[in-house]
Amino acid sequence: MKSQQKKKGDNMKKIMMIAVIAMAAFMVMPSVSALELKDVNDITTTGPTKNYNAAKKSTNERTTTFDIENTNLVVVDKTVGNANRPQGDTAWFGVGVEAPDSDVSTVCWKRGYTNDHGDECTTATADGQHNDYTLWIPFTAEEMKAEIEQNGENAIITKTATIYWNGEDGDNYQEIIVRLHASTVQLVIDESLSGTVSPTAAFTEEDKEAAMEVYNENHKPEVVEPQTTEEKKDEANPDTADINLYLLLSLVITSGCGIAYSVRKRFN
């Protein structure tokens, strides 16, 4: 009997020992985390853009927001430079994202501002010059004009793009938000490109003023016509003349009936 109890006790000790070892192994097991995100940079001035004086911004946050305001962007033809620009006569804002130090097998972009590829995540390629992954985001005079006509001085064109490291699953992504304050930015054409870029691609102070005129015209306050004295009198006393006439007639009829009744009583 005692031997059986001893055997059970030994088995229990073994089970407890195994559980402790397993727990200790679990506690020291290295955790699998997302890639360490690195900097997102404004690289606009590294391209053909000149006269660009917006403050550069660098951050390694999950979401990075750039505000373009109080500056000029240069309109270029798509053949200028070696960047992948699918359209011409456009001003471009450049973003460079440094790759994580860990091994990255696939990198792709989703661009929320274009319908060219729908929800497809298109392959991103590293830029050898800057040793990062670059994306050029377009802005046109037509967009700025339409936005100001709609929202006036508060016109902001917002474009988003997301870069995914090693596929779209998990937290290995970085979102870039670019906000162009249309009423404070001009699109200018470099004199050296005046023969290849259409003049209508610029957005000048005059273009802004014309767009603001459209906005103001569409947002005029409703004008209420003042009422005349006669209209006010009629509203305060609707159909007063008719009411007085009916009252007078009823009094005459009532008085006549009373007199006739009195005369009849008198001579009967």
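The values are calculated or read from the model by the stated rules, or taken from the named source; none is laboratory data. These figures come from a predicted structure and were not determined experimentally. So basically every Cβ, Gly included, is an ideal-geometry build from the backbone, and we count neighbours across all protein chains shown. Only protein heavy atoms, including side chains, enter the accessible area calculation; ligands, DNA and RNA are left aside. Shrake-Rupley method; radii C 1.70, N 1.55, O 1.52, S 1.80 Å.
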*Which of the residues belonging to segment 158-185 are modelled with pLDDT of 90 or more and open to solvent by 60 Å² or more (accessible area, probe 1.4 Å)?*
T158, Y173, R179
*Quick check: anything in segment 98-105 modelled with pLDDT under 90, hydroxyl-bearing (S, T, Y) and outside any strand (DSSP E or B)?*
yes
*Residue list for segment 54-88, restricted to those being of a type in the set (K, R) and modelled with pLDDT of 70 or more*: R62
*Search segment 186-221 for residues being in a strand (DSSP E or B) and open to solvent by 30 Å² or more (accessible area, probe 1.4 Å), and hand back the single one that is modelled with the highest pLDDT.*
Q186
*asked:* Residue pairs, Cβ under 7 Å, 6 or more apart or interchain, first in segment 114-134 and assigned to a loop (DSSP other than H, G, I, E, B), second modelled with pLDDT under 85 and among the hydrophobic types (A, V, I, L, M, F, W, C). List them.
replied: H130/I43
